[in-house]
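Q: This is the structure I have questions about; it appears just below.
The values are calculated or read from the model by the stated rules, or taken from the named source; none is laboratory data. This one's a predicted model, so the numbers in the text were calculated from it and none came from an experiment. Cβ atoms come from the backbone with ideal geometry, glycine included; neighbour counts cover every protein chain shown. When the accessible area is computed, the model is the full protein with side chains, heavy atoms only, and any ligands, DNA or RNA have been set aside. Shrake-Rupley method; radii C 1.70, N 1.55, O 1.52, S 1.80 Å.
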Amino acid sequence: MKVLVTGGAGFIGSHLVDHLMAQGEQVWVIDDLSTGNLKNVAHHLQNPRFHFHLGTILDETLLDRLISQCDVVFHLAAAVGVKLIMNRPVETLETNVRGTEVVLRCANRHKKKVLVTSTSEVYGKAMDDNGGAPLREDADRVVGPTTKRRWSYACSKAFDEFLALAYYEEKKLPVVVVRLFNTVGPRQIGQYGMVIPNFVQKALLNKPIIVYGDGTQSRSFLHVADAVEALVRLMREPRAEGQVVNVGNPEEVTIGELAQLVKDMTRSASPIEFLPYEKAFGPGFEDMRRRRPDITKLKELTGFEPVLDLRSIVASVIEYYQS
Ligand code: UDP
């Protein structure tokens with residue numbers, strides 16, 4: 001099969017590329033290397049089954065040509081990470097909204113199946129509002145005002161979801177929408193705010209581990225190898241077409257506990273320090289208290305179960321930064 005991966009040099013994209021290459025597929029990647037890195041796919045560059053294109057998904061001529069010659073598209077290119085969104089809001093909105101528009105328009109022109117990756121950010125504060133029940137795909141979204149920049153990311157990805165579902169319903173384009181919850185593993189960089197690579201890098205240097213807020217907020221982390229397995233299974237499953245599906249690991253941990261776990265596992269002398277959100281992100285920043293997926297739908301469609309637990313996830317990141 002010929003597969004196009006947008007954002008294929010990024011953290012999740014490059015692991016997906018590894019998986020597809022190992023399956024013997026022909027793989028095309030388009031990546032502008034804004035947050036991705038050529039190093040992530042360097043080991044495939046000499047392989048005749050691998051084709052890398054340095055470019056942006058906003059370039060419709062290039063994208064149209066790539067999509068026309070592929071069988072299916074995994075659309076992962078996006079502006080990601082809370083820090084990036086807080087620092088470069090125009091770029092975030094343009095890449096996420098216009099980029100997905102171009103991908104879907106080209107896919108529709110050539111009637112190629114697309115898996116669109118969205119994010120658990122679209123739920124916003126829903127879990128805080130529903131008494132802490134895990135988030136199901138049909139939950140109401142609860143997002144803050146447009147004057148709070150953080151929510152722009154949630155809204156840009158929600159627009160992507162609406163557009164993908166509209167193409168499915170109106171144009172009969174086969175699409176699958178995936179809401180990725182916090183995904184972690186080797187190659188993820190801490191530069192854009194991701195918590196586990198940040199904590200691990202600080203711990204290995206014996207520098208302070210900075211917990212934003214009071215550390216009682218919680219998250220659920222999925223290993224990238226599990227995420228890739230879920231994406232591939234969903235792409236293969238016809239019943240997933242026209243669906244929105246959570247991909248995540250329901251195991252939950254508070255950020256305070258996570259800081260301690262990283263410190264223990266690295267045998268680090270780092271102090272754990274707490275920094276108010278306003279100091280980290282400026283006034284008015286809102287964080288989610290909890291975010292945990294209900295993965296019933298994913299299990300029913302694909303039989304998927306996460307394999308790697310939190311300790312193995314943290315261990316894989318430690319090993320990556322040590323080597
Ligand atoms: N966080 C933290 N210290 C860091 C980076 C993140 O305490 O150096 C917190 C952040 O405020 C959030 C959680 O860890 O409560 C997860 O942050 P991340 O950016 O990884 O993901 P998201 O906020 O998108 O869930």
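Q: Carbon-plus-sulfur fraction of the accessible area of the chain, 1.4 Å probe, in percent?
A: 51 percent
Q: How large is ³J(HN,Hα) for each residue in the stretch 131-145, as worked out from phi by the Karplus curve 6.51 cos²θ - 1.76 cosθ + 1.60 (θ = phi - 60°), to whole Hz, x for Gly and Pro?
A: For the stretch 131-145, the Karplus-derived couplings read x, x, 5, x, 7, 9, 4, 9, 5, 5, 8, 10, 10, x, x Hz, x marking Gly and Pro.
Q: Next up: Take the alpha-carbon centre of the stretch 187-251, take the same for the stretch 108-146, and report the distance between them in whole Å.
A: 16 Å
Q: Taking the Cα centre of the stretch 7-120 as the origin and placing charges on Cβ (Lys, Arg +1; Asp, Glu -1), which of ALA78, VAL90, THR100 is farthest toward the positive end of the dipole?
A: The Cα lying farthest towards the positive end belongs to THR100.
Q: What net charge do the residues around TYR167 carry, taking every other residue with its C-beta under 14 Å from that of TYR167, with Lys and Arg at +1 and Asp and Glu at -1?
A: Surrounding charge for TYR167 is +1.
Q: Taking 56 Å as R0, compute the FRET efficiency from the Cβ-Cβ separation of SER68 and ARG141 and round it to 0.05.
A: With a Förster radius of 56 Å, E is 0.95.
Q: Local charge sum around GLY132 (other residues, Cβ-Cβ under 14 Å, Lys/Arg +1, Asp/Glu -1)?
A: Its environment carries a net charge of +3.
Q: Averaging sequence separations of C-alpha pairs under 8 Å and six or more residues apart, then dividing by the length of the stretch 138-237, give the relative contact order as a whole percent.
A: Worked out over the stretch 138-237, it gives 23 percent.
Q: Now for a different question. How big is the gap, in Å, between the Cα center of the stretch 14-38 and the Cα center of the stretch 284-323?
A: Result: 21 Å between the Cα centres.
Q: In addition: Explain nothing, just the number: relative contact order of the chain, from Cα pairs under 8 Å at least 6 residues apart, as a whole percent.
A: Computed value for the chain: 17 percent relative contact order.
Q: Please work out the FRET efficiency for the pair GLU60 and GLU300, using the Cβ-Cβ distance as r and a Förster radius of 45 Å; give the result to the nearest 0.05.
A: After rounding to 0.05, the efficiency reads 0.80.
Q: PHE162 to GLU101: extension gain in nm, 0.36 nm per residue of separation minus the Cα-Cα distance?
A: Length difference between fully extended and current span is 20.9 nm.
Q: Kindly state, to the nearest 0.05, the FRET efficiency for ASN87 paired with ARG239, given R0 = 41 Å and r defined as their beta-carbon distance.
A: 0.55
Q: Sticking with this structure for a sec: Want the number for ALA315 to HIS43: 0.36 nm per residue separation, take away the alpha-carbon distance, what's left?
A: Fully extending the segment from ALA315 to HIS43 adds 95.6 nm.
Q: First select every other residue whose beta carbon is under 13 angstrom from the beta carbon of ALA22; then total the charges, Lys and Arg +1, Asp and Glu -1.
A: Once all neighbours under 13 Å are counted, the net charge is -2.
Q: Using Cα atoms only, what is the angle between the long axis of helix 255-266 and the major principal axis of the chain, expressed in degrees (0 to 90) to the nearest 10?
A: So the helix axis and the longest Cα principal axis differ by about 90 degrees.
Q: Taking a probe of 1.4 Å, how large is the accessible area per residue of the chain, in Å²?
A: So the chain comes to 43 Å² accessible per residue, rounded to a whole number.
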